1. Which is polar (S, T, N, Q), out of contact with any Asp or Glu (no Cβ under 8 Å at 6 or more places or on another chain), more than 14 Å from chain B (Cβ to nearest Cβ) and crowded, with 24+ Cβ neighbours inside 10 Å, of A:268, A:204, A:274?
2. I need a count of the residues in the range A:259-274 that are within 20 Å of residue A:96 (Cα to Cα), of a type in the set (A, V, I, L, M) and outside any helix (DSSP H, G or I).
3. Can you name the helices (runs of 4 or more DSSP H) wholly within the range B:10-86 that have at least 3 residues being facing another protein chain (nearest Cβ under 8 Å)?
4. Out of the range A:124-154, which residues are of a type in the set (S, T, N, Q) and open to solvent by less than 10 Å² (accessible area, probe 1.4 Å)?
5. Could you say which residue among A:256, A:340 is modelled with pLDDT of 95 or more, open to solvent by 20 Å² or more (accessible area, probe 1.4 Å) and not in a helix (DSSP H, G or I)?
6. Within the range A:394-423, how many residues turn out to be open to solvent by 20 Å² or more (accessible area, probe 1.4 Å), under 20 Å from the mean Cα position of the chain (by Cα) and over 25 Å from residue A:136 (Cα atoms)?
7. Which condition does residue A:158 not pass, out of (1) outside any helix (DSSP H, G or I); (2) within 14 Å of chain B (Cβ to nearest Cβ); (3) touching a residue at least 60 places away in the same chain (Cβ under 8 Å); (4) within 21 Å of the chain's Cα centre (by Cα), if it passes all the others?
8. Give me a count of the residues in the range A:215-229 that are open to solvent by 10 Å² or more (accessible area, probe 1.4 Å) and in contact with a strand residue (DSSP E or B) (Cβ under 9 Å, 6 or more places away or on another chain).
Amino acid sequence: MARKTILPEDQIPRQWYNITPDLPHGLQPPLHPGTLQPPGPDDLAPIFPMPLIEQEVSQERWIDIPEPVLDVYRIWRPTPLVRAVSFEKFLDAPVKIYYKNEGYSPPGSHKPNTAVAQAYFNKEFGIKRLCTETGAGQWGSALAFACSFFDLECKVFMVRISYDQKPYRRLMMMTWGATCVASPTDTTDAGRKILETNPDSPGSLGLAISEAVETAVTSKDIPTRYCLGSVLNHVLLHQTVVGQEAKKQMEMVGDYPDVVIGCAGGGSNFAGLSFPFAQDKINGKEVQIIAAEPTSCPTMTRGPFAYDLGDVAGMTPLLAMFTLGHDFVPPPIHAGGLRYHGMAPLISQLIRDGIIEPRAYHNLETFEAGLDWAKTEGYISAPETNHALAAVIEVAKEAKEEGKEKTILVNWSGHGLLDLAAYEDYLAGKLTDFALPEEEIKRALKAIEGLPKPQ
Amino acid sequence: MLDVKTAFDELETRCPQLGGPVPFDYCRKVAEGLPCSRALICWELHFPVGQYLRRILTEEEWKKAFETPSLSRLERILSAADRFRDQGGG
């Protein structure tokens, strides 16, 4: 049986798919925090170039991919669609599993699909330098890679705690010619303010965003703009090459997925694979679309309702585990409108519309899935990607229980070769879902027992 | 003697925002000295974090950390852009 389905280069998608006009109930616009009105071009223009602002609000279903972007895409695209034959055997369930190998790109993830597009449109708009923030460095390295093709300067503010932990991503950025600095820095007001009070600050993603935006907005000598690698509509748009290729490749093997799966943090790789299939679903096709996320950050399944019982993921028994019978029950933290806080608005809307089903997975089961995958399919997955693999295993088990054959399509969004420290922790037994032994909890709580609550 | 405020500081979990391990110490004070708005969710499987933070935070700090809606990514970007533009940027 052939494992790989290779789409010829001349079949590479020439348009991105914009799902916005197909949303059953439209998209609630974001509100500007200052004016409480939807942000207009004047609000966005100092941050993003006009072509990307137009894409952000576009109601056009198809948007042409410029030839220079396709030229760079062709370095690694179309990516292979692979039948996970060995993983299927291992699972021993009535499932066919196909995965889209997005770890095939030079930076090793799906992120360059939008990084290249953003770099191109900025260049065309006369921008000379791009700024961004990065946590683990996956996005920063993708943007550094993209900028190198369009002769753009690239400055990446990497959260210091990650900067110290993840030297190899930083070195990738530098190899592609980017400047990677540990945030907070003394080059911005936002950074200096923090360093004044805490010179050893480990930084935060919020602060790194502020530094990158400040640099973009205040740069007068070098035209500079800011780039973001997830959440925004235009970012998700650029990723749809993944799903479009997958559809063509599924056609080549004469198949169509019953279930489409991706992991979802900010939502871009998930959207990239799933939106073209969501379009089919909106038009009446039967396909289950699952967004997999960590139980430790259940943005979609539970949102900020940390103690919201009866959640859609059926996590209620776990929630009760640490109530310990004490009298304190925190109230729900936010209103319902913030339930999907942190997730891309397009995905949030599709969840509300019942097109996408979110599910959450524990840390340990995701690493177990990643190891099973590595031992059968060979590839070592990024820890985020392991959430999608955990979902594949769950769906396979369901198929077995139901005695129903299913075809699964999953986005293998990136390799984990720079995340081996996390695998080391897992293999050494350092990762647990319940990190603290009961006696330790009791000891720590004993220490704070009877203390007056601060006023 | 266990220091109440730092009792759980050395525990580690994976931060889904940063994509790497962080100690509780980081999550406890990352937001200008206050806990990350997601701390209750990320740590609830490790120890009774809500109960613990209720004890060590003032009511005002708790409200600021957990009951004030935090900004979405786009809101944060717009807010930062406004702030720096008002400060005389380009």
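The values are calculated or read from the model by the stated rules, or taken from the named source; none is laboratory data. None of these values were measured; they are calculated from a predicted model. Glycine gets a Cβ as well: all are built from the backbone with ideal geometry, and neighbour counts include every protein chain shown. Ligands, DNA and RNA are stripped out before the accessible areas are found, and what is left, the full protein with its side chains, is counted by its heavy atoms. Shrake-Rupley method; radii C 1.70, N 1.55, O 1.52, S 1.80 Å.
1. Being polar (S, T, N, Q), out of contact with any Asp or Glu (no Cβ under 8 Å at 6 or more places or on another chain), more than 14 Å from chain B (Cβ to nearest Cβ) and crowded, with 24+ Cβ neighbours inside 10 Å holds for just one of A:268, A:204, A:274, which is A:274.
2. Summing the residues that are within 20 Å of residue A:96 (Cα to Cα), of a type in the set (A, V, I, L, M) and outside any helix (DSSP H, G or I) in the range A:259-274 gives 3.
3. Hits in the range B:10-86: B:39-43, B:49-56, B:73-86.
4. A:132, A:134, A:141
5. On inspection, the qualifying residue turns out to be A:256.
6. Total satisfying the criteria: 0.
7. (3) is the only condition that residue A:158 fails.
8. Residues that pass the stated criteria total 6.
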